[in-house]
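Inspection log for the structure reproduced underneath, given as structure tokens.
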Amino acid sequence: MPEASWPQSERDLLQPPSEPRENLRWRARLTQLWGQHPQTRNNLLSLSAKNLRWTFDALFWTKDPRQHPSERPFCLYPHEVALVDSLESHLKAGKDLLIDKTRDMGVTWTILCWLLWHWRFDDSFNAIVGSRLEDLIDEKGNLDTHFERLRWLCRSLPEWWLPHKFDEAKHLAMAFSESKHIPYMRLMRPDSDNTIVGESVTEDFSRQGRYNVAFLDEF
């Protein structure tokens, strides 16, 4: 069992291990901390709001069906740290960013988690996710699609991290029409106008909205 006195220093809390197995042990301690001491949850939420990288290494998960277990703690590799930093700098500067990627680099998972963090903590944040076909953006039960990954990510996060009154089913069989805040190709906040929407890439892509970020996958 995780030691009851953890964390013994601020460093224990602020520096999640980068090695996956050590990270899992660290997360077990963190889960016990907020479970036994609910008053720490607001402090952890404030820490997450101030520290994007910490949120990746402490709270976000990814999934690889080729691994066992398939659920993996999202420990940022150096190239993913560079990607997150680049996304942040380009967002602040309002500049486009071309990412030349290959498979198994974790680019799509990284960007979706990055969008989810901004959706949670930024004021008036709206993003659009595009791909050449709707079926590549959202298909129930298909974790190769963007919005099913967002649903999975929301289910994997602690409830205290999600917005107030956010309601996402824990059951994979739930129909789109029954998913209150993540229906088909849409992620909504119940306490603000923040949204992440999906749209197939046509000549009218994003024409009817104003967005902080437009993510075009496999552009």
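Assorted remarks:
- Counting the residues of segment 1-41 that are modelled with pLDDT of 95 or more and aromatic (Phe, Trp, Tyr) gives 2.
- Scanning segment 112-149 for residues that are touching an Asp or Glu at 6+ places or on another chain (Cβ under 9 Å) and within 15 Å of Lys63 (Cβ to Cβ) gives Gly141, Asn142, Thr145, His146, Phe147, Glu148.
Matching residues to (1) crowded, with 17+ Cβ neighbours inside 10 Å; (2) within 11 Å of the chain's Cα centre (by Cα):
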residue	(1), (2)
Pro78	no, no
Ala93	no, no
Met105	no, no
Ile111	yes, yes
Trp117	yes, yes
Arg120	yes, yes
Asn142	no, no
Glu148	yes, no
Trp160	no, no
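- Selection status of Leu76, at pLDDT 95 or above, touching a Phe, Trp or Tyr at 6+ places or on another chain (Cβ under 9 Å) and within 20 Å of His164 (Cα to Cα): no
- Selection within segment 184-209 - farther than 27 Å from Leu52 by Cβ and modelled with pLDDT of 90 or more: Tyr184
- Per-region count, segment 129-153, residues touching a helix residue (DSSP H, G or I) at 6+ places or on another chain (Cβ under 7 Å) and either touching a residue at least 60 places away in the same chain (Cβ under 8 Å) or basic (Lys, Arg) (or both): 9
- The requirement of being more than 27 Å from Arg155 (Cα to Cα), outside any loop (DSSP other than H, G, I, E, B) and hydroxyl-bearing (Ser, Thr, Tyr) is fulfilled nowhere in segment 94-102; no residue meets it.
- Criterion violated by Phe125 - all others in (1) open to solvent by less than 20 Å² (accessible area, probe 1.4 Å); (2) within 13 Å of Asp217 (Cβ to Cβ) satisfied: (2)
The values are calculated or read from the model by the stated rules, or taken from the named source; none is laboratory data. Model, not experiment: these values are computed from the prediction. So basically every Cβ, Gly included, is an ideal-geometry build from the backbone, and we count neighbours across all protein chains shown. Ligands, DNA and RNA are excluded from the accessible area calculation, which covers all protein heavy atoms including side chains. Shrake-Rupley method; radii C 1.70, N 1.55, O 1.52, S 1.80 Å.
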